[in-house]
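Visitor: Quick one: the structure is below, and I'll ask about it shortly.
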Amino acid sequence: MFENLTERLSQTLRHVTGQARLSEDNIADAMRDVRMALLEADVALPVVKDFVEAVKARAVGQEVSKSLSPGQMFIKIVQQELERIMGSQNETLNLATQPPAVMLMAGLQGAGKTTSVAKLAKFLQEKHKKKVLVVSADIYRPAAIKQLETLANDIGAGFFPSNIDQKPVDIAIAAIAEAKLRFYDVVIVDTAGRLHIDTDMMTEIKDLHAAIKPIETLFVVDAMTGQDAANTAKAFGEALPLTGVILTKADADSRGGAALSVRHITGKPIKFIGVGEKTDALDPFYPDRIASRILGMGDILSLIDEAESKLDKDKAEKLAKKLKKGKKFDLEDLRDQLQQMQNMGGMKGLLDKLPGMGNMAQMAQSQMDNKMFTRMEAIINSMTPAERRNPDLLNGSRKRRITVGSGTEIQDLNRLLKQHKQMAKMMKKMGQKGGMTNMMRGMGGMMPPGGGGGRFPGM
């Protein structure tokens, strides 16, 4: 997300940082570039105007002229204004009510509403230790009801059955009654979507809202629709007392216009962003962290949060102890580390959050085969346990058997073995600490030399 905007803003701000002093002229040039970058990112025009005027007013004032490093002060102002238009801080869900806390999900068809219900349920179960019941009031699409049931089973949430012969209000009221009987903490109500906003749809969801009085009314919107996302959110906000927004498909949106527009236009906070199709791909929205990523400064805090929640600590400790005892880093260890990296969003997911590595993340996306890690894992899985523990056993006939079993070529296997050797040496040198830090450094062997111009291994 934000790749195009990050690249444009980084170029502009590098030029400003190099100035010995800032004048109205070079600030005007910089703001013209910033304005174009925001418009190209599909940020809504009123938001762009407000942002540019706010930055310009602060930049030409005493704030910058008295600073020892005007260029850095200018970047700080841009960052603070980005945070302001997206909301000053993360706004959490309101769960302060007599259980069950009822949440209503609204949005257009295809925005990812049903998937977001499951993601939110999993988030509440894992982060807040809540017992969650989900229900579908979408009586127009039997497939949506079935989809929610399947997702609920996958994440271990309660599912309240419904069918197309019932009325949405009756479904939701019955689900809440069931939740009270079975001591659920939260009920999440999925609603019908439409391909566009229409009167019947709005009337139906207004009636539903009035009947169940949810503590949270969340609008689910597709980030890829750009400033249209903000306009749609505004229309829903005028019909319903929205409490927040969930921005879906943010990982597929390289522009970022929706994230920068929704809060400013609707006045409603973005509470979560969806960053993938899996049920754990829902992140709380932190404006300060997002602003930092837009400006190419990375997002270390989110990286730490991900590591805390997604890394297998037992495996990391086991590897550290193994290395401390002087044992070799074998192919089974490499497979574990590859799986850990995949859980963290792959190479791009890691680089995107490291300071100064935004461009490298884009290079990873364009030059690296997304299925590379999967193929590496398939090769390792095709080996016997003895071969994984001792790669020196791999002669010609064994290699042929492994490549046939994994559907790969001999050169793919040889490349994997070479990379494993590099990582094994590096692990030994790094003070036998093991873990994800070493894994990330080891993966540096797959990066283009000097951070540019080279190619990733084309497995």
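Rule-based calculations on the coordinates, nothing more; no lab input. Given the structure is predicted, the values throughout are model-derived calculations rather than measurements. Glycine gets a Cβ as well: all are built from the backbone with ideal geometry, and neighbour counts include every protein chain shown.
Visitor: For each of H128, H264, count neighbouring Cβ atoms within 10 Å of the residue's Cβ, then give the residues from fewest to most.
Guide: Working: H128 13, H264 19.
If I rank by nearby Cβ atoms, fewest first, I get H128, H264.
Visitor: Also: Using the beta-carbon distance between Q109 and K421 and R0 = 56 Å, what value does 1/(1 + (r/R0)^6) give for FRET efficiency, to the nearest 0.05?
Guide: Efficiency for this residue pair is about 0.60.
Visitor: For K278 and D207, calculate 0.36 nm times their separation in residues minus their Cα-Cα distance, and state this gained length in nm to one decimal. Don't skip to the end; give the middle numbers.
Guide: Details: separation 71, 0.36 × 71 = 25.56 nm, distance 3.19 nm.
That pair, K278 and D207, stretches by 22.4 nm at full extension.
Visitor: Quick one: what are the phi-derived ³J(HN,Hα) couplings along the range 267-278, Karplus 6.51/-1.76/1.60 with θ = phi - 60°, whole Hz, x for glycine and proline?
Guide: Using θ = phi - 60°, the values come out as x, 9, x, 7, 9, 9, 10, x, 10, x, 8, 5 Hz.
Visitor: Sticking with this structure for a sec: What is the set of long-range amide H partners of F159 at a cut-off below 5 Å, with H atoms built 1.01 Å from backbone N?
Guide: V134
Visitor: Quick check on my link table: of K180/K206; K122/K271; K113/K268; K122/K321; K76/K234, which ones sit more than 21 Å apart, alpha carbon to alpha carbon?
Guide: Distance filter (> 21 Å) returns K180/K206; K122/K321; K76/K234.
Visitor: Next up: Could you derive backbone 3J(HN,Hα) for the range 162-174 from the dihedral phi with the Karplus parameters 6.51, -1.76 and 1.60 (θ = phi - 60°), listing whole Hz in sequence and x where the residue is Gly or Pro?
Guide: With coefficients 6.51, -1.76 and 1.60, one gets 8, 9, 6, 8, 8, 9, x, 5, 4, 4, 5, 5, 5 Hz.
Visitor: Run the simple label-point estimate for A239 and E126 please: 7 Å along Cα→C-beta, distance reported in nm.
Guide: The two pseudo-label positions are separated by 3.3 nm.
Visitor: Could you list which residues have their amide H under 5 Å from that of K278, counting only those 5 or more apart in sequence or on another chain, with H placed in the peptide plane?
Guide: For K278, no residues qualify.
Visitor: Here's something else I'd like to know. Say R0 is 51 Å: what FRET efficiency, to the nearest 0.05, do T150 and L39 get from their beta-carbon distance?
Guide: Given R0 = 51 Å and the Cβ-Cβ separation, E is 0.80.
Visitor: Before anything else, pin down the relative contact order of the range 65-154: Cα pairs under 8 Å, at least 6 apart, normalised by residue count, whole percent.
Guide: 17
Visitor: Here's something else I'd like to know. Using amide H atoms built in the peptide plane, which far-off residues or other-chain residues are under 5 Å from V245 H to H?
Guide: Hits under the 5 Å cutoff: F219, I270, K271, F272.
Visitor: Continuing with the same structure: Using each residue's phi in the range 112-129, evaluate 6.51 cos²θ - 1.76 cosθ + 1.60 at θ = phi - 60° and report the 3J(HN,Hα) Karplus result to the nearest Hz, with x for Gly and Pro.
Guide: Values per residue, Gly and Pro as x: x, 5, 5, 4, 5, 4, 5, 4, 5, 4, 5, 4, 5, 5, 7, 8, 10, 6 Hz.
Visitor: Rounded to the nearest 0.05, what FRET efficiency is calculated for R32 and L95 with R0 set to 45 Å and r the Cβ-Cβ distance?
Guide: Values: r = 46 Å, r/R0 = 1.01.
The formula returns an efficiency of 0.50 here.
Visitor: Ranked highest first by the average count of other Cβ atoms within 10 Å around their residues, in what order do 155-167, 129-141 fall?
Guide: My ranking of the peptides, most packed first, is 129-141, 155-167.
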